[in-house]
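For reference, the structure is listed below as structure tokens.
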Amino acid sequence: MAHSRIHIIATGGTIAGEADPASGGVRYTAGVRSVDTLIAAVPGLAEVADISAEQILALDSKDITPADWLLILTCARSSLADPAIDGLVILHGTDTMEETAYFLHLSLPAGKPVVLTGAMRPADHPQADGPANLLAAVRLAADDTAQDKGVLVVMNQTPHAARWLGKARTTGLEAFESSRPWHDARPDGRFHEVDVSALPRVNILPGYAGAPAELIDACVAAGARGLVLALTGHGSVPAAWLPALRRAKEDGVAILRASRCAGPVIHNANADDDAQGWLTAGDLPPPKARIALMLALAGNGSGDTLHAHLPEL
Ligand code: ASP
């Protein structure tokens, strides 16, 4: 049987990291090793698939920006359009892996497998997890069962769906958790035709006891076109925020209620969303709701149509 051809796009992360000798091995720098070095460290990879690779970024994923998402999207779209490529693996830091994965989940076409992976231990760690994760990701990307699942992630050799996974722990190999099994995943490239040459600014505002309303005006003054409110409980809006939210709405800023709890935030259930003109996040956590709102705004959604663009709300 002919080998699959899997293309690897490298963006940095701990999987490409090296310990900082001055710290006695406690600290490390992400995104040091090249993709070719990482591939060479995985025995047996060439037996799983024909591999091609490109290094497009070398970042710690805490520093990834929406402009970087657009670069990754452009490279991923062009790789997937190449008939010689059967699937894609993206190497990425774990801190914001769920954000890049969900951004791509909404903006890539269905069909060929797309799998993100990374590592919790740097490449020069004696028990580095990166090589096994890379091998597992290439295997999954070459597997027919990964087709039409939307974007997937492999960590600790376990597959997850972009829609449902999140980084749940700061350390340890079992850092990622999903609310549903990856087998249930469906593709959701609802923005795959949107020409996203730029993404509008959308800020997340955390709700907590005594959270000040001034940050709302500051975000609008800084150019935000959307605000995701990461609120307490069932998306409860502090009374002190209402005047600033009304001003923001009058300025045309989209406002979306989300929760710092696991969700869901149900439309019109804990606030008069329709009367206020607010959107709601359902069970999307605030960083993913922000991505959906950015893409909906980039696709020129506004008012009522914006709600229709947003996932499972
Ligand atoms: N800070 C690192 C990053 O996200 C952590 C990791 O990759 O595990 O790039």
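For region 202-214, the condition of being within 22 Å of Thr74 (Cβ to Cβ), surrounded by 14 or more Cβ atoms within 10 Å (Cβ to Cβ) and among the β-branched types (Val, Ile, Thr) holds for at least one residue. Taking the numbered list (1) among the hydrophobic types (A, V, I, L, M, F, W, C); (2) surrounded by 18 or more Cβ atoms within 10 Å (Cβ to Cβ); (3) modelled with pLDDT of 95 or more; (4) closer than 23 Å to Val114 by Cα in turn, Cys219 passes all entries but (4). Taken over region 259-268, the criterion of being modelled with pLDDT under 95 and in a strand (DSSP E or B) is satisfied by Val265 alone.
Here is the figure for region 157-204: residues that are closer than 28 Å to Gly299 by Cα and not aromatic (Phe, Trp, Tyr) total 26. Would you confirm whether or not region 41-59 contains a residue that is within 23 Å of Gly111 (Cα to Cα), charged (D, E, K, R) and in contact (Cβ under 8 Å) with a residue 60 or more places away in the chain? Scanning region 41-59 turns up no residue that is within 23 Å of Gly111 (Cα to Cα), charged (D, E, K, R) and in contact (Cβ under 8 Å) with a residue 60 or more places away in the chain.
This table checks each residue for (1) modelled with pLDDT of 90 or more; (2) in a helix (DSSP H, G or I).
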{"site": "Ala248", "(1), (2)": "yes, yes"}
{"site": "Leu256", "(1), (2)": "yes, no"}
{"site": "Asn270", "(1), (2)": "no, no"}
{"site": "Ala275", "(1), (2)": "yes, yes"}
{"site": "Leu284", "(1), (2)": "yes, no"}
{"site": "Ile291", "(1), (2)": "yes, yes"}
{"site": "Met294", "(1), (2)": "yes, yes"}
{"site": "Asn300", "(1), (2)": "no, no"}
{"site": "Thr305", "(1), (2)": "no, yes"}
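Note on region 194-235: residues that are under 24 Å from Thr65 (Cα atoms), in a loop (DSSP other than H, G, I, E, B) and among the hydrophobic types (A, V, I, L, M, F, W, C) total 6. Scan region 39-53 and give yes if some residue there is touching a Lys or Arg at 6+ places or on another chain (Cβ under 8 Å), assigned to a helix (DSSP H, G or I) and away from the ligand (no atom under 16 Å from the Cβ), otherwise no. Yes: region 39-53 contains one or more residues that are touching a Lys or Arg at 6+ places or on another chain (Cβ under 8 Å), assigned to a helix (DSSP H, G or I) and away from the ligand (no atom under 16 Å from the Cβ).
Of all residues in region 169-202, those that are without any contact (Cβ under 8 Å) to a residue 40 or more places away in the chain and either closer than 20 Å to Pro286 by Cα or small (Gly, Ala, Ser) (or both) total 7.
For region 15-36, a residue qualifies if it is closer than 20 Å to Val114 by Cα and either surrounded by 22 or more Cβ atoms within 10 Å (Cβ to Cβ) or within 9 Å of the ligand (Cβ to nearest atom) (or both), and the qualifying residues are Ile15, Ala16, Val35. Looking only at region 56-80, residues that are within 16 Å of the ligand (Cβ to nearest atom), of a type in the set (Ser, Thr, Tyr) and farther than 17 Å from Arg201 by Cα come to 1 in all. When the residues of region 82-127 are filtered to those that are part of a strand (DSSP E or B) and over 16 Å from Leu71 (Cβ atoms), which remaining residue is farthest from the ligand (Cβ to nearest atom)? So, considering only residues that are part of a strand (DSSP E or B) and over 16 Å from Leu71 (Cβ atoms), the one farthest from the ligand (Cβ to nearest atom) is Gly87.
Of all the listed residues (Ala185, Ala198, Ala132, Ala142), the sole one being among the hydrophobic types (A, V, I, L, M, F, W, C) and touching a Ser or Thr at 6+ places or on another chain (Cβ under 7 Å) is Ala142.
Only residues that are in contact with a Pro (Cβ under 9 Å, 6 or more places away or on another chain) and in a loop (DSSP other than H, G, I, E, B) were counted in region 236-246, giving 0. Of all residue pairs spaced 6 or more apart or on separate chains, those with beta-carbon atoms under 6 Å, a first member in region 92-105 that is within 14 Å of Asp63 (Cα to Cα) and a second member that is of a type in the set (D, E, K, R) and near the ligand (Cβ under 7 Å from one of its atoms) are Gly93/Asp60; Asp95/Lys62. Determine, yes or no, whether Val154 is more than 28 Å from Asn203 (Cα to Cα) and assigned to a strand (DSSP E or B). When the stated conditions are applied, Val154 passes them.
The values are calculated or read from the model by the stated rules, or taken from the named source; none is laboratory data. Computed from a predicted model, the values in this text were never measured in an experiment. Here Cβ is always computed from backbone atoms with ideal geometry, including for glycine, and neighbour counts include all displayed protein chains.
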